[in-house]
Amino acid sequence: MTGDFVEDRLKPADVRKYLRHIDGCEACRSEAETYFLLDRVRLSLDQDPAKANYDFKGAFSRELAAKKHTLHMISFFRLLSIVLLLAAVGVLVWLFFFSGYFK
Ligand SMILES: [Zn+2]
């Protein structure tokens, strides 16, 4: 699962579970950080040396923060879509039954 997490192949619900786990499990967090850093080094070796970013200090923490931010945004937009859907249903119900619009 660590490889899937690092290479962004998990569904948001699985990312959430994995993040919750590594928040409390130092062994898995350390494994994930090592895998992440090796992956970043591998990617940087494939890049043009003039453009590659070799600043790996704090990169794993930034990656975790970015993933958490993405999960927050997904939750926010899910909630927003539910609120908008309920508002649309409310407007339709009002139009049909209370406004006299369809009489
Ligand atoms: Zn663990």
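Nothing in this text is a laboratory measurement; each read-out follows from the coordinates by a stated rule. In this text the structure is predicted, and so the values were computed from the model without any measurement. Every residue, glycine as well, gets a Cβ built from its backbone with ideal geometry; the counts of neighbours run over all protein chains shown.
Miscellaneous remarks
- Given R0 = 35 Å, the distance between the Cβ atoms of VAL83 and MET1 translates into a calculated FRET efficiency of 0.60.
- Model label zone, ALA59; criterion: amide N under 14 Å from point 7 Å along Cα-to-beta-carbon; scope region 29-48: 33-48
- Between ASP48 and ASP14, the simple spin-label model (points 7 angstrom out along Cα→Cβ) gives 3.5 nm.
- For region 42-92, chymotrypsin sites (Phe, Trp or Tyr not before Pro) meeting the loop criterion (DSSP other than H, G, I, E, B) and having at most 14 other Cβ atoms within 10 Å: TYR54, PHE56.
- Mean ellipticity per residue at 222 nm, deg cm²/dmol - from DSSP H runs of n ≥ 4 across the chain, formula -39500 (n - 2.57): -26000 deg cm²/dmol
- Note on the chain: with charges restricted to the Cβ of Lys and Arg (+1) and Asp and Glu (-1), its dipole about the Cα centre is near 560 debye.
- Shown here for region 1-91: trypsin sites (Lys or Arg not before Pro) in loop regions (DSSP other than H, G, I, E, B) with at most 13 other Cβ atoms within 10 Å, namely ARG9, LYS51, LYS57.
- Positive-end extreme of charge dipole, region 2-97 - chosen from PHE36, LEU95, ASN53 (charges on Cβ): LEU95
- Rounded tilt (10° steps) of 59-97 against the dominant C-alpha axis of the chain: 10
- Relative contact order [Cα under 8 Å, 6+ residues apart], the chain, whole percent: 21
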